[in-house]
Amino acid sequence: MSSDPLVGQLDFDPVALKQKYADERDKRMRPDGQRQYAGTAGKFAAYGRDPWADPDFEREPIRDHTAVIVVGGGFGGLLVGARLREAGVTDVRLIEIGADFGGTWYWNRYPGAMCDLEAHIYLPLLEELDYAPRHRYSYGPELLEHSQRIGKEYGLYEKALFQTSITEATWLEDRQRWLLTTDRGDELTADHMVLACGRQSLPKLPDLPGIDVFRPRTFHSSRWDYGYTGGDSEGDLAKLRDKRVGIIGTGATAIQIVPEVARWAKELVVFQRTPTTVGVRGQCETPADWVDRSQPGWQKTRRENFQSYLLGLRPDKDSVHDGWTETLDVLIPETTAALAHRLGREPSAEELRYFSEINDYKVMNGFREWIQDVVDDPETAEALTPWYRWWCKRPSFHDDYLAAFNRDNVALVDTHGQGVSGFTETAVIVGDEEYEVDCLIFATGFEVAIPYKRLAGFDVTSRGVALSEHWRGQVRTLHGVSTDGFPNLFFVGGNVQTAMAVNAVHLLDELSQHVAYIIAEVRARGASSVEPGPESVDAYVDVIVHSEKNKAAFQFFAECTPGYYNGEGNAKTDEDLFSGGRYGDGALAYYDLLREWREAGGMEGMRFGDLETNEIRG
Ligand code: NDP
């Protein structure tokens, strides 16, 4: 209990809580950091295999030219295709490793999969397609179906190449175009190339002793084995009725899987290293009038309203009004101005930080109390209780996760921050204990903050320089969408010097509109190429590198419990967390920056190439 002039009477001791958080964090710190995981490029290759594609698929190699090639068929690539078409560019070819569009929602077909943001702000192009989502938070099948809807409505299936990986991309200076080769023998040229390769698309697994000899059926959450479990992404996992299933991980994915498997498995054992903060979801079916869709621009307005809440700007009306905005409403209850009014002077940065920390404790205390209310067994409830600040790990919301632990067939194995330590031939090892299972699901996440070459799976070369070399030591972009020396190349997503956005699809849409504008404008000007000049890239990189807000955010995450938000506790700079850093003033300011640049109309900082004269101007 403590009284503080800045925060008033408190019914908890902030000093003790801070110490508890630090102790819990220290318990979880480990020297191998990110190296505890391995991707599916090496010995875990089988875990990356595509369960949804036809392994016998074959086609003849293609040699042709397209105006724009987009790499990636997830929401990013689909949005680029759609926004290009709106801008009058219809000759577009999407290339995708999977066998269909969908990206995240193509791969993640685990039972219970749903978007963790309100569907009306998350699903792309709802207004354009006049589509109303069926649930407040759409389930995986609807998200995949919506991806296909975009593909059909915008004619993107016509030239799409599926089950195709690019092997090399080279800028042909004399012909002012890109040449792409693929694993299917294609030789494709394009005036422009857009990389929309996602952000967390490569599964990762804990590289633990004994994993090579472990015999039970195993798979990663993003490659669900319905042949083994029975059913499909709608449920009905009947083949698990006589099985003891284990799941490693309690992140946003596991939160959604656990209640579904609990319904079907004979036994479910959840191996937990760090509990996730789980709030009330409030899932429901949504009638057609859930959102007033009559006003043009309604989706953009709704997305911006949500983003304003996330930034603590508190617009008059909370349109989405869910766990995200309600939590932020408590977390940032006073703007600097209001606090200044209360204190009768400007608060110092230190006071603001302290004030927000106190509010964070209040919010987390609320979540902690809710666990005690829902979970019957006090020991299990205690184990499920998170001890860190709300933003330290991706906050989750679910109506059935915590209650699943009240079932007789569900057991929580709390590893007290140490995690699963290895495997025998038949069992999962935690400390001195062994847990026999028939099947083990790895809900252990995806590779993050990796170099673009690894994310895309190929390098990009221009004027004899590889992008991986050009960006060695420092990612260089103008506005996170293009880089100097690489004409007609654009990035959409991948977190390269864009803004931090909880609603990633909002970010992808803003980027897609921006890239579509540039490409259409270059064509309208009759130029053969466009690229940012080095000085404009330098200036933008400077903004990123010297952002005080970035430094403050980095400091915040550095003190957090380990996770992918802070390089497993070992990040040295903001760049380690977001390839190349990010725009520190937040998503709305970043979107304004892009919009104002477009509205100025001068393509400031860009240089144009002319195929006739082979000159660069600008
Ligand atoms: P995460 O990386 O968030 O979680 C991985 C989990 O595995 C953590 O709980 C981690 O514990 C645990 N883990 C790793 N190694 C061990 C070990 N040796 N023993 C025990 N536990 C271990 O992956 P997710 O797949 O849950 O989420 C990935 C991303 O996908 C996130 O950004 C998430 O927000 C997003 N997502 C989005 C959804 C949406 O609707 N938009 C839905 C689902 C996911 P620890 O915390 O201790 O590291």
Number of positions in region 80-107 that are within 16 Å of the ligand (Cβ to nearest atom) and either surrounded by fewer than 24 Cβ atoms within 10 Å (Cβ to Cβ) or outside any loop (DSSP other than H, G, I, E, B) (or both):
4
Can you confirm whether GLY251 is within 16 Å of the ligand (Cβ to nearest atom) and within 29 Å of ASP585 (Cβ to Cβ)?
yes
Looking at GLY198, is it of a type outside the set (Ser, Thr, Tyr) and surrounded by fewer than 19 Cβ atoms within 10 Å (Cβ to Cβ)?
no
Identity of the residue in region 479-493, assigned to a strand (DSSP E or B) and not polar (S, T, N, Q), that ends up farthest from GLY81 (Cα to Cα):
LEU489
Within region 110-124, which residues are in a loop (DSSP other than H, G, I, E, B) and near the ligand (Cβ under 10 Å from one of its atoms)?
TYR110, GLY112, ALA113, CYS115, ASP116, LEU117
Show the residue pairs that are 6+ apart or on different chains and have beta-carbon atoms under 6 Å apart, the first residue being within region 33-53 and over 17 Å from SER221 (Cβ atoms), the second being open to solvent by 20 Å² or more (accessible area, probe 1.4 Å).
GLY33/ASN570; ALA53/ALA99; ALA53/GLN163
Residue list for region 143-183, filter: on the phi > 0 side of the Ramachandran plot and either loosely packed, with under 15 Cβ neighbours inside 10 Å or in contact with a strand residue (DSSP E or B) (Cβ under 7 Å, 6 or more places away or on another chain) (or both):
GLY155, GLN176
Of the conditions (1) at pLDDT below 95; (2) of a type outside the set (Val, Ile, Thr); (3) part of a loop (DSSP other than H, G, I, E, B), GLN34 satisfies every one except a single condition; which number is it?
(3)
Selected residue (only one of LEU129, LEU123 is touching a residue at least 12 places away in the same chain (Cβ under 8 Å), of a type in the set (A, V, I, L, M), closer than 27 Å to ALA501 by Cβ and open to solvent by 10 Å² or more (accessible area, probe 1.4 Å)):
LEU129
Log entry, pairs with first residue in region 547-567 being away from the ligand (no atom under 12 Å from the Cβ), second being modelled with pLDDT under 85, beta carbons closer than 6 Å, six or more apart or on different chains, reads ASN550/ASP574; PHE554/ASP574
Out of LYS43, LYS20, sole residue that is surrounded by fewer than 16 Cβ atoms within 10 Å (Cβ to Cβ) and either touching a Lys or Arg at 6+ places or on another chain (Cβ under 8 Å) or modelled with pLDDT of 95 or more (or both)
LYS20
With region 242-358 as the region, which helices (runs of 4 or more DSSP H) entirely inside it contain at least 1 residues that are under 22 Å from the mean Cα position of the chain (by Cα) and touching a residue at least 40 places away in the same chain (Cβ under 8 Å)?
252-264, 298-310, 323-331
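Per-residue answers, yes or no, for (1) touching a helix residue (DSSP H, G or I) at 6+ places or on another chain (Cβ under 8 Å); (2) modelled with pLDDT of 95 or more; (3) assigned to a loop (DSSP other than H, G, I, E, B); (4) within 16 Å of the ligand (Cβ to nearest atom):
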{"residue": "SER579", "(1), (2), (3), (4)": "yes, no, yes, yes"}
{"residue": "TYR591", "(1), (2), (3), (4)": "yes, yes, no, no"}
{"residue": "GLU596", "(1), (2), (3), (4)": "no, yes, no, no"}
{"residue": "GLU612", "(1), (2), (3), (4)": "no, no, yes, no"}
When residues of region 257-315 are limited to those that are at negative phi and among the small types (Gly, Ala, Ser), the one nearest to the ligand (Cβ to nearest atom)
GLY279
Filter result (closer than 23 Å to ARG273 by Cβ, in a loop (DSSP other than H, G, I, E, B) and away from the ligand (no atom under 13 Å from the Cβ)) within region 215-241:
PRO216
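Any idea which residue in region 374-390 is nearest to ALA553 (Cα to Cα), counting only those that are more than 16 Å from the ligand (Cβ to nearest atom) and part of a loop (DSSP other than H, G, I, E, B)?
VAL375
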Hits in region 456-470 (condition: in a loop (DSSP other than H, G, I, E, B) and either within 16 Å of the ligand (Cβ to nearest atom) or in contact (Cβ under 8 Å) with a residue 24 or more places away in the chain (or both))
GLY457, PHE458, ASP459, ARG463
Among LYS453, LYS393, the single one that is away from the ligand (no atom under 16 Å from the Cβ) and of a type outside the set (Asp, Glu) is LYS453
Scan (1) more than 9 Å from the ligand (Cβ to nearest atom); (2) at pLDDT below 95; (3) of a type outside the set (Lys, Arg); (4) surrounded by 19 or more Cβ atoms within 10 Å (Cβ to Cβ) for the single condition ILE441 breaks and write down its number.
(2)
One residue from GLY417, GLY473 being assigned to a loop (DSSP other than H, G, I, E, B) and more than 12 Å from the ligand (Cβ to nearest atom):
GLY473
Could you please find all residues in region 46-58 being within 13 Å of ILE211 (Cβ to Cβ) and either within 16 Å of the ligand (Cβ to nearest atom) or surrounded by 14 or more Cβ atoms within 10 Å (Cβ to Cβ) (or both)?
TYR47
Options ASN495, ASN550: the member that is of a type outside the set (A, V, I, L, M), at pLDDT below 95 and touching a Phe, Trp or Tyr at 6+ places or on another chain (Cβ under 6 Å):
ASN495
Residues in region 420-438 that are in contact with an Asp or Glu (Cβ under 8 Å, 6 or more places away or on another chain) and more than 16 Å from the ligand (Cβ to nearest atom) total 1
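The values are calculated or read from the model by the stated rules, or taken from the named source; none is laboratory data. None of these values were measured; they are calculated from a predicted model. FYI the Cβ positions are ideal-geometry reconstructions off the backbone, even for glycines, and counts take in every protein chain you see. Heads up: the accessible areas ignore ligands, DNA and RNA and are worked out on the full protein's heavy atoms, side chains in. Shrake-Rupley method; radii C 1.70, N 1.55, O 1.52, S 1.80 Å.
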